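The values are calculated or read from the model by the stated rules, or taken from the named source; none is laboratory data. Since we're looking at a predicted model, the values are computed, not measured. Here the Cβ positions follow ideal geometry from the backbone for every residue, glycine too, while neighbour counts run over all protein chains shown. These area figures cover heavy atoms from the full protein model, side chains too; ligands, DNA and RNA do not enter into them. Shrake-Rupley method; radii C 1.70, N 1.55, O 1.52, S 1.80 Å.
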Amino acid sequence: MPPRKIIIDTDPGQDDAVAILLALASPEDMDVLGITAVAGNVRLELTQKNARIVCELAGKTDVPVFAGCDRPMGRQLVTAEHVHGKTGLDGPSLPDPTMRLQDQHAVDFIIETLRREDAGTVTLCVLGPLTNIATAFEKAPDVIERVQQIVLMGGAYFEVGNITPTAEFNVYVDPEAAEITFKSGVDIVVMPLDVTHKALVTRPRNDAFRDLGTPSGIAVAQMTDFFERFDKEKYGSSGAPLHDPCVTAYLIAPELFSGRHINVEIETQSDLTRGMTVADWWGVTDRPANATFIGDLDADGFFALLVERIGRL
Ligand code: BDR
Ligand code: CA
């Protein structure tokens, strides 16, 4: 099978960075057409810069990086420096990027790419708030049916929420964008907290990254060292959850994941439950299924894949 053509839409973020490294290390599985940055974990000036830092860390300076929306579709931006640090990539000390940012707006790149490539051959890997994706769908509805699949990190059912008691960060930040995406009719695979909280970097798993001895391996270990303190304190867990790499790992090894094809609706009206993913896991409504909602993964297989691939960089 030829590699799958993908666009990575992202708000790096240490876990976004690992997801991007995995994709860039896997050319036989993924052809990264471009990386589109969005405001989320930190402001857009930093997410687009961080995306370029990660490309340079991987030695892949030919991947075009675009800046997209600097705020949600209809709300104030909420960021997560309390999780990711001031830069969004706190942990390792990485040089400022020298590769340039593309002039084109990320939304226009997404539209143009979907129109240029054969219909049904481009997958959108979404690692942050869905603002760029929904804005593209609003601006150019003709591209919606051209998307092969959206694989996204967002939402929760059993784990409920991480930024509020009832919402996961990516969906919380821009619930209107999430609603547009989930109603689009595109084939969607969702990596909610239910699965990402099982992708935990334990001490031996982080040592395996560090022991690679390469700049990427060491940087991943240092990012995780920083990133884990938040979840350890909050959940008492044994390490950091690698949320976003679940998206790119799924494209390489979907057999590591299991879930259900169900209906998922987004709460946009209530202040109390803003951004909740109302997932009909138990099939108690007759609302049509619109997403494959992942619930479990083979964590050892997932980390073996990550270490093997990142070791190539
Ligand atoms: C998601 O929010 C961000 O903090 C992470 O990068 C991930 O995409 C987890 O809720
Ligand atoms: Ca992210």
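Overview of results
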item	result
Cα centre as origin, Lys/Arg/Asp/Glu Cβ charges: segment 49-198 dipole, Debye	220
Rh (Kirkwood; distinct C-alpha pairs) - segment 1-97, Å	13.6
Most to least packed among 232-239, 190-197, 61-68 [average Cβ atoms within 10 Å]	190-197, 61-68, 232-239
Heavy-atom accessible surface of the chain: percent carbon and sulfur, 1.4 Å	51
Accessible area per residue, Å², the chain with all protein chains present, probe 1.4 Å	38
Reachable aspartates and glutamates from K86, criterion Cα separation under 18 angstrom, eight or more residues apart if same chain	D11, D15, D16, E45, D70, D96, D225, E228, D231
Convex hull (Cα only) mean projected area of segment 55-150, reported in nm² to one decimal	7.6
Reach of K183 by Cα under 17 Å, taken over aspartates and glutamates that are not fewer than 8 positions away in the same chain	E138, D142, E145, D174, E265, E267, D280, D286
Segment 166-173 - phi-based ³J(HN,Hα) in whole Hz, Karplus 6.51/-1.76/1.60, Gly and Pro as x	10, 9, 8, 4, 4, 6, 4, 4
Helix-only [θ]222 nm of the chain, DSSP H runs n ≥ 4, -39500 (n - 2.57) each, per residue, nearest 500	-10500 deg cm²/dmol
Descending semi-axes in whole angstrom, ellipsoid equivalent of the chain, from the Cα gyration tensor	26, 23, 19
Debye, to nearest 20: dipole size of the chain, +1 on Lys, Arg Cβ, -1 on Asp, Glu Cβ	400
Amide proton proximity set for V147, modelled H, under 5 Å, gap of 5+	G120
Inter-centroid distance (Cα atoms) of segment 40-118 relative to segment 150-212, Å	18
